[in-house]
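Below: one structure, written as structure tokens.
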Amino acid sequence: MTDAPAAPAVDRERLVEDLRALVRIPSITGSEESVAAWAAGALEELGMRVEVVRPALAAIKGDPAWPGEEMPRTSLPVVIGRAGSSGATGATGATGATGSRPRVILSGHLDVVPPGDLATWTADPWGAEIRDGRLYGRGACDMKGGVASILAAVRALGSSGGLRRLDGELMVVLVPSEEDGGQGTLAAIRAGATGDRAVITEPSNLDVVVAHAGAITFRLTVPGRAAHASQRREGISALDKLFVLTRALEADETHRNAAETDPLMTALGLPYPTIIGIVGGGDWASTVLDRVTADGRYGVRLGQSAAEAEADLRAAITAACVADDFLREHPATVEITGGRFGSARVPSDHPLPTGLADVAEAISGRRPAVLGEPYGADMQMFVNVGGTPCVIFGPGDVRVAHSADEFVPLDEVETCARVLAAWVLRELGTA
């Protein structure tokens, strides 16, 4: 087991209170003002200097790094809390290079996806019910459990006196709009939320995620030729042509995944999946379909930007259309909609993941695995846009995120808080 600074005591009762309060606020993406106000008040109570940033939406949408969105919104509230002080204006990778004291960031998103069909739940999605050491509710795992861990870590540092003696700056960044692309973290970065190291407390089963894929959402509009059902051979079914394109996307998926060589991603089996999630078309049962739309998700490979993945997608659809007698003259169209998650990676031997793993091992007795993941996350914003080395480390299992009866184990939330508190002390020491 590796030595690490002792973790200040975590107040479990307050941790659970915070998590229950968070889950009981139905902060569906696009409606995060109430939860942001609660989070700002919580950080102020913990002794942090708090700013709530509300950027002009037009300015964020005009940013070259804007990652898209899937939900309408009228505001983008970003909560930033600070403790200690730092002369850092951005990540340099080595504090000594600038002579400034370091800045570390703990970050999480406050938005959640809709609960879906309430009949599939055995608990109230907004009730924060506790059963068998688990807290249930929409967002409990993704990722209000992680946010509660951050708050508990800051509270532990404050009660032990460590928060007042930081030799550097701790920044807590709580954002909206992660679920539909990440423009909340983009806004935070533009407001100065960059640093030497960052940890996002997304659910990782308390393992350390150093690489993640990305994803783009798309819409195919597939043409056909209408005809009376009794004369269907005179028509061309757009649904049949969608099948042509679906088979092409399956072949493209196989090719893109077989080309991956990074062991962190090949271990996932299918790191870059493609799916069609929504299909619509037709307005009369006895008419051959002349138009179908299909919405889906396309993986962004490690090392790719969202734009590069889009080029792959368009090339696959174009090639399939060229090879089809009808689609050659009447090609399907591709529109990129919704979020655009890029991919990100930090070296497995970087001081951030190794140092965090050392602390986690010392606190919990278990050495975290170092992993890659197939989903998109705000980590790519910190790494690619903010120039800030970033990893994911948080409580809960992503397999229950977005599901009915979503839950997070309270023991993991507490352990995460203890690790974060000790890691901040390791990184910033005491003045």
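Yes/no matrix, rows are residues, columns are (1) within 26 Å of Thr185 (Cα to Cα); (2) in contact with a strand residue (DSSP E or B) (Cβ under 8 Å, 6 or more places away or on another chain); (3) among the acidic types (Asp, Glu):
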{"residue": "Leu289", "(1), (2), (3)": "no, yes, no"}
{"residue": "Ala309", "(1), (2), (3)": "yes, yes, no"}
{"residue": "Ala315", "(1), (2), (3)": "no, no, no"}
{"residue": "Ala332", "(1), (2), (3)": "no, yes, no"}
{"residue": "Leu352", "(1), (2), (3)": "yes, yes, no"}
{"residue": "Ala357", "(1), (2), (3)": "yes, yes, no"}
{"residue": "Arg366", "(1), (2), (3)": "no, no, no"}
{"residue": "Gly372", "(1), (2), (3)": "yes, yes, no"}
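Scanning for something assigned by TED's automatic domain parsing to the domain that holds Glu412, aromatic (Phe, Trp, Tyr), within 26 Å of Gly214 (Cα to Cα) and in contact (Cβ under 8 Å) with a residue 12 or more places away in the chain, does the stretch 35-42 turn up at least one residue? So that I can check it myself, show each step before the final result.
Step one: of the stretch 35-42, the residues assigned by TED's automatic domain parsing to the domain that holds Glu412 are 35-42.
Pick out the ones that are also aromatic (Phe, Trp, Tyr) and you get 38.
Then drop every residue that is not within 26 Å of Gly214 (Cα to Cα), which leaves none.
The answer is no, given that none of the residues of the stretch 35-42 is assigned by TED's automatic domain parsing to the domain that holds Glu412, aromatic (Phe, Trp, Tyr), within 26 Å of Gly214 (Cα to Cα) and in contact (Cβ under 8 Å) with a residue 12 or more places away in the chain.
Quick grid of which residues meet (1) farther than 23 Å from Arg82 by Cα; (2) part of a helix (DSSP H, G or I):
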| site | (1), (2) |
| --- | --- |
| Pro5 | no, no |
| Arg14 | no, yes |
| Leu22 | no, yes |
| Ser31 | yes, no |
| Ala39 | no, yes |
| Asp63 | yes, no |
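Tell me yes or no: at least one residue of the stretch 209-220 is surrounded by fewer than 18 Cβ atoms within 10 Å (Cβ to Cβ), assigned by TED's automatic domain parsing to the domain that holds Gly280 and assigned to a loop (DSSP other than H, G, I, E, B).
Initially, the stretch 209-220 is screened for residues surrounded by fewer than 18 Cβ atoms within 10 Å (Cβ to Cβ), giving 219.
If we keep only those that are assigned by TED's automatic domain parsing to the domain that holds Gly280 as well, we get 219.
Checking the rest, the ones that are also assigned to a loop (DSSP other than H, G, I, E, B) come to none.
No; the residues of the stretch 209-220 include none that is surrounded by fewer than 18 Cβ atoms within 10 Å (Cβ to Cβ), assigned by TED's automatic domain parsing to the domain that holds Gly280 and assigned to a loop (DSSP other than H, G, I, E, B).
Inside the stretch 306-386, counting only helices (runs of 4 or more DSSP H) that do not spill past its ends, which hold 3 or more residues that are surrounded by fewer than 22 Cβ atoms within 10 Å (Cβ to Cβ) and acidic (Asp, Glu)?
306-322
I'd like to know if the stretch 176-191 contains one or more residues that are over 20 Å from Ala36 (Cβ atoms), buried (at least 24 other Cβ atoms within 10 Å of the Cβ) and touching a residue at least 60 places away in the same chain (Cβ under 8 Å).
The first filter runs over the stretch 176-191 and keeps only residues over 20 Å from Ala36 (Cβ atoms), leaving none.
The answer is no, given that none of the residues of the stretch 176-191 is over 20 Å from Ala36 (Cβ atoms), buried (at least 24 other Cβ atoms within 10 Å of the Cβ) and touching a residue at least 60 places away in the same chain (Cβ under 8 Å).
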Can you find even one residue in the stretch 261-272 that is more than 22 Å from the chain's Cα centre (by Cα) and touching a residue at least 60 places away in the same chain (Cβ under 8 Å)? no
Could you go through the stretch 233-245 and let me know if any residue there is over 30 Å from Phe407 (Cα atoms) and part of a loop (DSSP other than H, G, I, E, B). yes
Within the stretch 179-206, the residues that are outside any helix (DSSP H, G or I), in contact with a Gly (Cβ under 6 Å, 6 or more places away or on another chain) and at negative phi are Asp180, Thr194, Thr201, Glu202, Pro203, Ser204
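The values are calculated or read from the model by the stated rules, or taken from the named source; none is laboratory data. Worth saying up front: this structure is predicted, and the values here are computed from it rather than measured. Positions of Cβ are backbone-derived with ideal geometry, glycine not excepted, and every protein chain shown enters the neighbour counts.
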